[in-house]
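A.B. asks: Here it is: the structure, laid out below.
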């Protein structure tokens, strides 16, 4: 019996090729989108699953409250380590201190590369369960050792055995390779960790870190723990939350709360709002999950609509089968198995589409998703997915078609009643509601991104590059290098800074100034710069003056930005002082000599943070900032700079970034979301239109006789077109009026997350509605005009 | 007795009034009869045939088929009953366009859950008997009207029914094809004892039957 159904289904597909292409194509497209989104979600949800102990690993986080605003982050002070080891050690299997992941120069022989890596305490590799390929398991035992990732080892040593060889780090520390570990996969928080050096080395080579041993106020370190077997994250958090507050009086005023942040939340739920965990990327997982479900729904609606639209043709078959003795259950079974076959067929096409588009999608989404051929779970899930889709798409036609009375359909008197088209109309309305909402959402996301992109950054980011200067080799050489670079003709002005132009790396408080309100806990972005900073960035001085090498006293001068002027409450800031509030051993007071324009260093969606620019007295900056010669090509300039660089720092790899590119990174996440939702919206509309196209062609055929009669009576092509299009246009208009409030509500909520945001204008909605209507008219017209132009004699003769 | 209709009424509501399609029909059919139902358009011929074939329901009266009272049976049992004992032949043949002649013949057997080998044998017999072996792989659209109706009759017969209901079986055929089909019916009735009830407009075709029932406005006259 099943074979018989198969045969009928297959021949049906072949016979109605246009219908098959629309139906299978639409469904395949919908499934491909859902599959890709499914793979993306799977990838997001399995982030960090590389670590076997991921359920018991946590990072130690801290919340502190300044002026009533609670900030939360992973930065903790060094004394916390001792406090936890002394008082709470039985809560942890392992506890390690860890540095931030920073770029370092690694050199072996004449090969020199720059790679990011961490300093960690000895138990680190075991805590994370790194896969040691070569060398010692306990690779951080010796202070002068280094563990390398496989790709780093390959880059440095090629085919040589790296174990025991000496690598020079930052051009000064000679470390022996103790182990090589497998590369940590892309969807992992430690993906960037290309090497690991013992924590003890970190202390040994950095005076300030050694000195931070008892400094509760210096929150500059990370700590990771693996829980002991008999305890939970909540229990331990409860025990340790007040440890800093209890042990240190000075910082107690900020109400420091220590807690464990479980690894499973690191990636997807890492947003904190006033000390409370508030979602994060998980919202995008939900967003795309919903989009995927909707796109599949749209495709299923097509399937249902087209199947029922064709029901009059199949009606005869139902009648014959019933009169021969088929029972309703058997017919339902038949139509469901047909639906299953079509869905299966569509699934195969969908897999092909996924395979074809996976590379492009990976580029778009910055993922490395591979098709899970060997994954039984995937195929199991796919089977359920197919059955579910077949059921969803096939159930309505199955139930509807099988309910026909044989006498009615066989006698030819069968007429779908006045309301028989109603479910179909409702489905079309649902489809277009979703599509219009998608259009509106995408337009608003794009607008918001463009709005933030067009926001003035405060400086001139074109033709500006930065070169990292992380090694000691650069110390004290700034004046020389400035002369050399400018002398080469490639650079018109350059400066140094302690953090990149597009970031804030350091924040400070603990100052006193005239008119400071009682109990005010200030928090200032802190950047140390060379005197040419404003000049090289084309940063405008709005009050006072820039740094000048002519005034020796400027070495204790600072520039503040406009926001800081307001923040500090200074009417006339020029000449005022920021004094250190440490009474025993104060740093010298800093004199404000100028106010600079606000520049965006953090999120382009947020207000600019209050900041100060301090004269760098130690010539110990992290970046060179260079304004390229506008009269030469950028490539020419870069080549010249590289030559000068190599002459002075032959052992250091030459690296540079264009600032506008770095700045563009700030939009990457939103842009990705925007592009992806744009693509999915386009597909959703395409699927809806396919459905509409198919539906119009059936309606046109259904009303062929009516059209013929009308034409004989004198209707023009326009009359007929108008008659056929109007019905569909009506449905789309209804959809618009449902979609607009829904989209407004959702998108307005989304925008609230951005302090710097667009105002929703009515024309966005009008535009989306117009667009939907135009697309509808275009889709419907093709069939409508074709039907209207048909020779009426032919259509009337068939009866 | 094969079937008996007692005081069958069937009506539809139209504008608050009952319009009778069948009015007080009483009919007894013995096995082996060949009955022709005649009457003008709209007299209820097809309705009566459909009621007998259990494809349509009635509103009042009693209907016994092989001493089962049809009016009390549930839909499912009713369809079991007619799939077992009744074969239908339609004016416009109603073959399934997507199936070949052979597959069309096989279909009733599928619904009767007959085994594959037996199905093959029965279909082969039928093809042979109707002289259409050469056409078994053709689709209905590739056959002439008369040939299609031949297949239609073969399909109605393949389940070995006691009763064949034919609704204007020759309505779409030319006179020569009509003749052939009617001869076939006569032969089936006489030689194999199949009971036949046909609806027809043609006096000539009605002559083939052993009894004529005339209907007018839903009433037997």
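A.B. asks: Which numbered condition in (1) within 30 Å of residue A:470 (Cβ to Cβ); (2) in the same structural domain as residue A:102 (by TED's automatic domain parsing); (3) within 34 Å of the chain's Cα centre (by Cα) is the only one that residue A:281 fails?
C.D. replies: (2)
A.B. asks: In region B:90-105, how many are touching a strand residue (DSSP E or B) at 6+ places or on another chain (Cβ under 9 Å) and facing chain A (nearest Cβ under 9 Å)? Before you say what the answer is, go through the steps one by one.
C.D. replies: So the first thing to find is which residues in region B:90-105 are touching a strand residue (DSSP E or B) at 6+ places or on another chain (Cβ under 9 Å), and the list is B:90-91, B:94.
If we keep only those that are facing chain A (nearest Cβ under 9 Å) too, we end up with B:90, B:94.
Result for region B:90-105: 2.
A.B. asks: When you look at residue A:594, is it under 17 Å from residue A:537 (Cβ atoms) and either more than 34 Å from the chain's Cα centre (by Cα) or modelled with pLDDT of 95 or more (or both), yes or no?
C.D. replies: Values: under 17 Å from residue A:537 (Cβ atoms): yes; either more than 34 Å from the chain's Cα centre (by Cα) or modelled with pLDDT of 95 or more (or both): yes.
Considered against the rule, which asks whether it is under 17 Å from residue A:537 (Cβ atoms) and either more than 34 Å from the chain's Cα centre (by Cα) or modelled with pLDDT of 95 or more (or both), residue A:594 comes out as yes.
A.B. asks: OK, next. Which numbered condition trips up residue B:2, out of (1) crowded, with 16+ Cβ neighbours inside 10 Å; (2) within 14 Å of chain A (Cβ to nearest Cβ)?
C.D. replies: Here residue B:2 meets the rest and fails (2).
A.B. asks: So residue A:123 clears everything in (1) over 14 Å from residue A:195 (Cα atoms); (2) in contact (Cβ under 8 Å) with a residue 60 or more places away in the chain; (3) buried (at least 17 other Cβ atoms within 10 Å of the Cβ) except one condition, right? Which one?
C.D. replies: Just one mismatch for residue A:123, condition (2).
A.B. asks: Return the total of residues in region A:191-215 being surrounded by fewer than 21 Cβ atoms within 10 Å (Cβ to Cβ) and in a loop (DSSP other than H, G, I, E, B).
C.D. replies: Looking only at that region, the number is 4.
A.B. asks: Right, here's the next one. Identify, from the list B:177, B:147, B:198, the residue that is away from chain A (no Cβ under 14 Å) and within 18 Å of residue B:100 (Cα to Cα).
C.D. replies: Working: B:177 fails: within 18 Å of residue B:100 (Cα to Cα); B:198 fails: within 18 Å of residue B:100 (Cα to Cα).
That would be B:147, the only listed residue that is away from chain A (no Cβ under 14 Å) and within 18 Å of residue B:100 (Cα to Cα).
A.B. asks: Could I ask something else about it? Considering only region A:621-630, I want to know if a residue exists there that is in contact with a helix residue (DSSP H, G or I) (Cβ under 6 Å, 6 or more places away or on another chain) and part of a helix (DSSP H, G or I). Talk me through it step by step, then tell me what you get.
C.D. replies: As a first pass, look at region A:621-630 and keep what is in contact with a helix residue (DSSP H, G or I) (Cβ under 6 Å, 6 or more places away or on another chain): A:625, A:627-629.
Subset that is part of a helix (DSSP H, G or I): none.
Looking for residues that are in contact with a helix residue (DSSP H, G or I) (Cβ under 6 Å, 6 or more places away or on another chain) and part of a helix (DSSP H, G or I), one finds none in region A:621-630, hence no.
A.B. asks: Of the conditions (1) more than 10 Å from chain A (Cβ to nearest Cβ); (2) modelled with pLDDT of 90 or more; (3) surrounded by 18 or more Cβ atoms within 10 Å (Cβ to Cβ); (4) touching a strand residue (DSSP E or B) at 6+ places or on another chain (Cβ under 7 Å), residue B:70 fails just one. Which one is it?
C.D. replies: The number of the failed condition is (2).
A.B. asks: Residues that are away from chain B (no Cβ under 14 Å), under 30 Å from residue B:106 (Cβ atoms) and over 28 Å from the mean Cα position of the chain (by Cα): find the helices (runs of 4 or more DSSP H) completely inside region A:316-421 holding 2 or more of those. Spell out the reasoning first.
C.D. replies: Details: elements: A:328-365, A:376-402, A:406-411.
Where helices (runs of 4 or more DSSP H) fall fully within region A:316-421 and carry at least 2 residues being away from chain B (no Cβ under 14 Å), under 30 Å from residue B:106 (Cβ atoms) and over 28 Å from the mean Cα position of the chain (by Cα), they are A:328-365, A:376-402.
A.B. asks: Among the residues of region A:262-307, count how many are part of a helix (DSSP H, G or I) and farther than 27 Å from residue A:682 by Cβ.
C.D. replies: Narrowing region A:262-307 to residues part of a helix (DSSP H, G or I): A:263-266, A:282-307.
Narrowing the set further to residues that are farther than 27 Å from residue A:682 by Cβ leaves A:263-266.
The qualifying residues number 4.
A.B. asks: Right, something else. Determine whether region B:56-64 contains at least one residue that is in contact (Cβ under 8 Å) with a residue 24 or more places away in the chain, at the interface with another protein chain (Cβ under 10 Å from one of its Cβ atoms) and touching a helix residue (DSSP H, G or I) at 6+ places or on another chain (Cβ under 6 Å).
C.D. replies: The answer is yes; a qualifying residue exists.
A.B. asks: Yes or no: residue A:745 out of contact with any strand residue (DSSP E or B) (no Cβ under 7 Å at 6 or more places or on another chain), modelled with pLDDT of 90 or more and either surrounded by 16 or more Cβ atoms within 10 Å (Cβ to Cβ) or assigned to a helix (DSSP H, G or I) (or both)?
C.D. replies: Taking the combined requirement at face value, the residue satisfies it.
A.B. asks: Now a separate question. Run down A:438, A:470 and say which single residue is at pLDDT below 90 and in contact with a strand residue (DSSP E or B) (Cβ under 9 Å, 6 or more places away or on another chain).
C.D. replies: Values: A:438 fails: in contact with a strand residue (DSSP E or B) (Cβ under 9 Å, 6 or more places away or on another chain).
Of A:438, A:470, the one residue that is at pLDDT below 90 and in contact with a strand residue (DSSP E or B) (Cβ under 9 Å, 6 or more places away or on another chain) is A:470.
A.B. asks: Can you spot a residue in region B:156-174 that is within 11 Å of chain A (Cβ to nearest Cβ) and over 25 Å from residue B:31 (Cβ atoms)?
C.D. replies: Taking every residue of region B:156-174 in turn, none turns out to be within 11 Å of chain A (Cβ to nearest Cβ) and over 25 Å from residue B:31 (Cβ atoms).
A.B. asks: While we're on this one: Among the candidates A:67, A:53, A:16, which residue alone is within 14 Å of another protein chain (Cβ to nearest Cβ) and more than 18 Å from residue A:295 (Cα to Cα)?
C.D. replies: Working: A:67 fails: within 14 Å of another protein chain (Cβ to nearest Cβ); A:53 fails: within 14 Å of another protein chain (Cβ to nearest Cβ).
Within the list A:67, A:53, A:16, the selection yields A:16.
A.B. asks: Please verify whether residue A:235 is surrounded by 15 or more Cβ atoms within 10 Å (Cβ to Cβ), assigned by TED's automatic domain parsing to the domain that holds residue A:64 and modelled with pLDDT of 90 or more, treating the condition exactly as stated.
C.D. replies: no
A.B. asks: While we're looking at this one, here's another question. Take residue A:337 and decide whether it is within 23 Å of residue B:113 (Cα to Cα) and touching a strand residue (DSSP E or B) at 6+ places or on another chain (Cβ under 6 Å). Step through it out loud before you land on a result.
C.D. replies: Values: within 23 Å of residue B:113 (Cα to Cα): yes; touching a strand residue (DSSP E or B) at 6+ places or on another chain (Cβ under 6 Å): no.
No; evaluated as a whole, the condition is false for this residue.
A.B. asks: In addition: Just for region B:33-45: of the residues that are crowded, with 21+ Cβ neighbours inside 10 Å and within 14 Å of chain A (Cβ to nearest Cβ), which one is nearest to residue B:159 (Cα to Cα)?
C.D. replies: The selected residue is B:45.
A.B. asks: Here are A:188, A:176: which of them is surrounded by fewer than 21 Cβ atoms within 10 Å (Cβ to Cβ) and in a loop (DSSP other than H, G, I, E, B)?
C.D. replies: Working: A:176 fails: in a loop (DSSP other than H, G, I, E, B).
The conditions single out A:188.
A.B. asks: Working only within region A:763-797, note down all residues that are touching a residue at least 24 places away in the same chain (Cβ under 8 Å) and not in a helix (DSSP H, G or I).
C.D. replies: Residue satisfying the conditions is A:790 alone.
A.B. asks: Here's another thing I want to ask about it. Could you list, in sequence order, the residues of region A:481-537 that are touching a helix residue (DSSP H, G or I) at 6+ places or on another chain (Cβ under 8 Å) and in a helix (DSSP H, G or I)?
C.D. replies: Once the filter is applied, which keeps residues that are touching a helix residue (DSSP H, G or I) at 6+ places or on another chain (Cβ under 8 Å) and in a helix (DSSP H, G or I), region A:481-537 yields A:481, A:484, A:485.
A.B. asks: Shifting gears a bit: Where residues in region B:75-89 are touching a helix residue (DSSP H, G or I) at 6+ places or on another chain (Cβ under 7 Å) and modelled with pLDDT of 85 or more, which of them is nearest to the other protein chains (Cβ to nearest Cβ)?
C.D. replies: Here the answer is B:88.
A.B. asks: Further question on the same structure: Here's a check for you: in region B:114-129, which residue that is assigned to a helix (DSSP H, G or I) and within 14 Å of chain A (Cβ to nearest Cβ) is farthest from residue B:147 (Cα to Cα)? Give the steps one after another, and end with the answer.
C.D. replies: Step one: of region B:114-129, the residues assigned to a helix (DSSP H, G or I) are B:116-129.
If we keep only those that are within 14 Å of chain A (Cβ to nearest Cβ) as well, we get B:116, B:119-120, B:123.
Working: B:116: 26, B:119: 22, B:120: 21, B:123: 16 Å.
Among residues in region B:114-129 that are assigned to a helix (DSSP H, G or I) and within 14 Å of chain A (Cβ to nearest Cβ), the one farthest from residue B:147 (Cα to Cα) is B:116.
A.B. asks: Residue A:467: crowded, with 19+ Cβ neighbours inside 10 Å, over 14 Å from residue A:626 (Cβ atoms) and either in contact (Cβ under 8 Å) with a residue 60 or more places away in the chain or assigned by TED's automatic domain parsing to the domain that holds residue A:646 (or both), yes or no? Spell out the reasoning first.
C.D. replies: Details: crowded, with 19+ Cβ neighbours inside 10 Å: yes; over 14 Å from residue A:626 (Cβ atoms): no; either in contact (Cβ under 8 Å) with a residue 60 or more places away in the chain or assigned by TED's automatic domain parsing to the domain that holds residue A:646 (or both): yes.
Here the answer is no, as residue A:467 does not meet what is asked.
The values are calculated or read from the model by the stated rules, or taken from the named source; none is laboratory data. It should be emphasised that the depicted structure is a prediction, and the values quoted were computed from it without experimental measurement. All Cβ positions, even for glycine, are placed from backbone atoms using ideal geometry, and neighbour counts span all protein chains on display.
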